[in-house]
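What follows is a set of notes on a single structure, which appears directly below.
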Amino acid sequence: MDRQQEYVLRTIEERDVRFVRLWFTDVVGSLKSVALAPAEVEGAFEEGLGFDGSAVEGLARVFESDMLAQPDPTTFEILPWRGETEQTSRMFCDILTPDGEPSAADPRHVLKRSLAKAADMGFTCYTHPEIEFYLLKSAEPGPDGVPVPVDQAGYFDHVPGGVAQDFRRTAVTMLEKVGISVEFSHHEGGPGQNEIDLRYADALQTADNIMTFRTVIREVAIQQGSYATFMPKPFTDHPGSGMHTHFSLFEGDTNAFHEAGAEYQLSKTARQFIAGILRHAPEFTAVTNQFVNSYKRLWGGGEAPSYLSWGHNNRSALVRVPLYKPGKWQSARVEYRGIDSAANPYLAYAVLLGAGLKGIEEGYELGPAAHEDIAALSAGERRALGHDPLPSSLHDAVRQMEESELMPEILGEQVFEYFLRNKRAEWQDYRLQVTPFELRRYLGVL
């Protein structure tokens, strides 16, 4: 037994932890949980916890249903919202087959594979997400069928005694108690919309943190009598919720994206990484924007980028290179702005990293930076500048992913096939619906 496992067992005993929750994520990004008695934890470390994988979205087919959840002791944390009595803790799990091999369908393992490839190329990947969400009075829409936000505040607004302000203070405190460092938090542009930015961490830890973050945000909202949603676009007339993520690659202690004296201080490695993301973005958009509703955010105005483009400090671009600060070469990074805050972070980061690494491997050339507001250009101007559109619907995104050679390579055939099957079913369900829009538009006139 290693030291980390011994620390977990000792802490469970010393803190009188009564329940140990084992967490893992299914292929579409839903958090799964099973509570373990403290006496069973040592056995779970040694042998894993058996469960029926065929009952979990995408993990296993019926004829290979036996799976093992292997807790990762480095992710052990006490869950503060469960209170001081009968304390509850959690650990993330890796999913294994009965013979102890990593499951090809485990999203956490998919990301680990991408990170291992980066390591083989000499890189460590760090990420920094900016997570947006809406705080509503209830999960149910109001009388007019529209969600009811907790306030009518806007970007960076300070609302004395405001619900969102109290909410963010409590949420940040709770996040820090479970070991998640927060950089800053503020009110976003929509009514009831908030943003909390997490500090840099390696990509696997960030993905674990995002899954924990969503749970914390929802728990705090429930405690305060409100409801938090990460739905990409809950309002027609207000901005959607994204998860802009900053990426940087390090070679040892050196930031591989920085080159003194180069244009925008960007190294050749960084330019190839951006080129990889832009070339393959249409193929992975179904992963970073996996819901029917995601395309209302991408194509619904606001700051959501919907065209292939990159720019230096250009917030209309899909990939933004933040302003370089003299002497801060270690913070050189690129920001992908297309991803939803509801995405499966393991798969989303795996495909983004995998596309960027492909650009480095193949030496992709990066075109010129965009300086103009891309959304304000005409269709002809965008075509002339090479700003092709991202998929305009889940249906289009699925079709482009189906034709990709890179996505099954990154995701593995099993995740690739299951994910597409799940998304085709979602599109089929959606396209058969008669919506309130259609009834309002047509019922009285046709």
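Values in this text are rule-based calculations from the coordinates and carry no lab data. This is a predicted model, so every value here is computed, not measured. Backbone-built Cβ (ideal geometry, glycine too); neighbour counts: all protein chains shown.
For an R0 of 22 angstrom, estimate the FRET efficiency from the Cβ-Cβ distance between F437 and E402 and round to the nearest 0.05.
Here the calculated transfer efficiency is 0.20.
Run the helix sum for the chain: -39,500 (n - 2.57) per DSSP H stretch of 4+ residues, divided by residue count, reported at 222 nm to the nearest 500 deg cm²/dmol.
Computed mean residue ellipticity for the chain: -11500 deg cm²/dmol.
Give me the extension gain from K137 to D388: residue separation times 0.36 nm, minus the current Cα-Cα distance, reported in nm with one decimal.
The span from K137 to D388 would gain 86.5 nm if fully extended.
Lys/Arg Cβ at +1, Asp/Glu Cβ at -1, dipole of the chain taken about the Cα centre: which of H371, T11, N293 is farthest positive-ward?
Among H371, T11, N293, the one farthest towards the positive end of the dipole of the chain is H371.
Need the C-alpha centroid separation for region 141-176 versus region 348-384, integer Å.
That distance is 34 Å.
Jot down the per residue volume, in cubic angstrom and as a whole number, of the convex hull over the alpha-carbon atoms of the chain.
Convex hull of Cα atoms, per residue: 172 Å³.
Return D16, D396, D202 ranked ascending by Cβ neighbour count within 10 Å, so the fewest neighbours appear first.
The most exposed by this proxy come first: D16, D202, D396.
Could you list I12, I222 in order of exposure, starting from the residue whose Cβ has the fewest other Cβ atoms within 10 Å?
Listed from fewest to most nearby Cβ atoms, that is I222, I12.
Treating only the Cβ atoms of Lys and Arg (+1) and Asp and Glu (-1) as charged, compute the dipole magnitude of the chain about its Cα centre; round to the nearest 20 debye.
The calculation lands at about 1260 debye.
For the modelled label position 7 Å from the Cα of A376 along Cα-to-Cβ, which residues of region 277-306 have backbone nitrogen atoms closer than 17 Å?
Taking a point 7 Å out along Cα→Cβ of A376, the residues of region 277-306 whose backbone N falls under 17 Å are 301-306.
In what sequence do W23, W310, W81 fall when counting other Cβ within 10 Å, fewest first?
Lowest to highest Cβ neighbour count: W81, W23, W310.
Would you list, by chain and number, the aspartates and glutamates whose Cα falls below 13 Å from the Cα of K296, excluding same-chain residues fewer than 8 positions away?
Answer for K296, where 13 Å is the Cα cut-off: D237, D340, listed by chain and number.
So which of K233/K423; K112/K423; K117/K328 end up more than 20 Å apart by C-alpha?
K112/K423; K117/K328
Rg to Rh for region 1-142: what is it, with Cα atoms only and Rh by Kirkwood?
That ratio equals 1.02.
Quick check: Cα centre of region 11-48 to Cα centre of region 262-324, how many Å?
The distance from the Cα centre of region 11-48 to that of region 262-324 comes to 37 Å.
Checking the cross-link filter: which aspartates and glutamates have an alpha carbon closer than 19 Å to that of K268, excluding same-chain neighbours under 8 positions apart?
List returned: D120, E251, D253, E259, E335, E361, E362, E365.
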